[in-house]
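Okay, structure first, notes after.
Nothing in this text is a laboratory measurement; each read-out follows from the coordinates by a stated rule. Quick caveat: nothing in here was measured; it's all calculated off a predicted structure. Cβ: placed from backbone, ideal geometry, glycine included. Neighbour counts: every protein chain shown.
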Amino acid sequence: MAGNIGTFVGFFKKMASAPLYYTVNKYVNCNEFRYGTLVGTDDNGNEYYENNDYFLGRNRWIQYKNPNWFILHSDASDIPAEWHAWMHYMTDDTPITKPPAERKFHMEHRPNMSPIFKERYTPSTTTKPKIQSWSPAQPKE
């Protein structure tokens, strides 16, 4: 926290109004107790918060919809592009207040599939290798 009495009092006000599960869930994800105003929610159900009492760079955060308490499987690629711009201070307007322009080449957001073995991208080649790999001579019998 920022260390002043305003954040301390505000934290307890927020904790009194939020259920205990929600507070513990935030602590597990962020490794600290945070409170702030809900700015918006994306299509996946992730919640985005902001509190300008914190330092710049730590005043915006995400609360994932389905965090795992033991193994955090939440990934930064779960954040859609329009919310990524807000999270990284590229814009101060959220996609709720100023929706991005619809373009015909935009695709629906998909998170990174590399950790999932069956859905990861594996390049394949159809050309013969140009260089033969060296193998040491086999001992003669």
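Please give me the summed charge of the neighbours of H109: other residues whose Cβ is under 10 Å from its Cβ, Lys and Arg +1, Asp and Glu -1.
Neighbourhood net charge equals -4.
How are the Cα pair distances of the stretch 74-114 distributed, in percent, across 5 Å bins from 0?
5, 20, 26, 24, 18, 5, 1
Output wanted: per-residue J couplings in Hz (rounded whole) for the stretch 87-97, from phi through Karplus 6.51 cos²θ - 1.76 cosθ + 1.60, θ = phi - 60°, x for Gly and Pro.
Computed from phi, the couplings for the stretch 87-97 are 5, 9, 6, 6, 8, 9, 8, 7, x, 6, 6 Hz.
I want the local charge near N59. Using Cβ-Cβ distances under 10 Å, sum +1 for each Lys or Arg and -1 for each Asp or Glu among the other residues.
So the environment of N59 carries a net charge of +1.
Among residues other than P99 whose Cβ falls under 14 Å from its Cβ, what is the net charge (Lys/Arg +1, Asp/Glu -1)?
Once positives and negatives cancel, what remains is -3.
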